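Note sheet for the following structure.
The values are calculated or read from the model by the stated rules, or taken from the named source; none is laboratory data. What you see is a predicted model, and the numbers here were worked out from it, not measured in a lab. Positions of Cβ are generated from backbone atoms using ideal geometry, with glycine treated the same way; all protein chains shown enter the neighbour counts.
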């Protein structure tokens with residue numbers, strides 16, 4: 001499920017120029033000198049080391065299907081999914097969240113197991129409109145995301161330059177094949193945390209145009225600046241980077257941002273598409289100010 005928001009062509013051109021300039025004259029990356037939570041390349045892809053489900057997210061994760069009434073259902077532990085389904089109330093009341101910060105209520109009458117893919121048909125009056133993720137129980141609050149469409153051209157241009165600088169400071173693939181190549185942004189979002197920090201989330205790509213097997217690098221980048229900081233004070237706090245054939249490479253996308261628990265912990269729901277299967281993960285902002293992969297679902301071909 002690809003939810004990318006495209007940038008204005010002028011911004012893409014500015015990003016290409018910024019990245020090329022970086023390749024010519026490597027500057028200091030003063031704001032990315034301490035990025036201990038940034039995922040490092042591991043073979044052809046970075047694999048988040050998820051730990052455990054946050055109970056504040058409730059009993060399950062819903063992801064929007066092909067229509068607003070269709071949902072894919074993911075349980076914290078796939079090994080106990082059958083018993084979790086049996087224990088659900090009928091119907092169960094769920095909350096549906098979008099990236100615009102809106103919330104809807106709907107009923108989940110039952111969960112159907114179709115060869116390992118758990119699905120549900122939601123009901124509500126009136127029927128639900130477009131949403132991204134849903135939760136049953138827990139303490140979950142919405143976060144409104146600004147995308148490039150809602151930013152001024154000047155703001156977008158400044159953010160694009162920051163993304164280029166931060167992405168170029170991340171480690172390259174072990175073979176160094178993408179070193180010096182320009183970055184293109186395929187998606188970009190911004191939001192403010194409860195403590196006043198500003199967070200950028202971006203998807204970038206770089207490509208080697210080989211005739212037989214074009215190769216790509218794809219990066220999910222999270223960067224943050226503290227209240228009152230300047231544009232140049234954004235620092236990378238998390239990344240996932242993958243490499244491979246452009247037809248089969250793992251891709252990452254931001255599904256939604258929410259606040260979990262009484263502490264209102266900023267939390268990302270991220271999709272990972274492997275071509276023939278997909279998984280979903282939860283990435284949380286820790287007390288150390290860095291972001292950490294907390295939970296990842298099993299890969300499914302649904």
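Got a sec? Which of 213, 236, 248 is at pLDDT 95 or above and not assigned by TED's automatic domain parsing to the domain that holds residue 96?
The conditions single out 236.
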Tally, over segment 271-302, of residues that are more than 16 Å from residue 258 (Cα to Cα) and either assigned to a strand (DSSP E or B) or in contact (Cβ under 8 Å) with a residue 12 or more places away in the chain (or both) | 18
Looking at (1) under 24 Å from the mean Cα position of the chain (by Cα); (2) modelled with pLDDT of 95 or more, find the lone condition where residue 51 falls short.
-> (2)
Which strands (runs of 3 or more DSSP E) does segment 90-155 wholly contain that include 3 or more residues that are surrounded by fewer than 19 Cβ atoms within 10 Å (Cβ to Cβ)?
-> 103-108, 112-114, 117-121
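So which residues in segment 198-210 are in contact with a strand residue (DSSP E or B) (Cβ under 8 Å, 6 or more places away or on another chain) and over 16 Å from residue 221 (Cα atoms)? Don't jump to the end; show me each part of the working.
Within segment 198-210, the subset in contact with a strand residue (DSSP E or B) (Cβ under 8 Å, 6 or more places away or on another chain) is 198-208.
Residues satisfying the conditions are 207, 208.
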Restricting attention to segment 133-146, does a residue exist that is over 28 Å from residue 61 (Cα atoms) and under 15 Å from the mean Cα position of the chain (by Cα)?
-> no
If residue 116 satisfies every condition in (1) at positive phi; (2) touching a residue at least 40 places away in the same chain (Cβ under 8 Å); (3) assigned by TED's automatic domain parsing to the domain that holds residue 218 but one, which is the exception?
-> (3)
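Yes/no per residue for (1) part of a strand (DSSP E or B); (2) on the phi < 0 side of the Ramachandran plot; (3) free of Cβ contacts under 8 Å to residues at least 40 places away in the same chain:
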{"position": "224", "(1), (2), (3)": "yes, yes, no"}
{"position": "227", "(1), (2), (3)": "no, yes, yes"}
{"position": "232", "(1), (2), (3)": "no, yes, no"}
{"position": "247", "(1), (2), (3)": "no, yes, yes"}
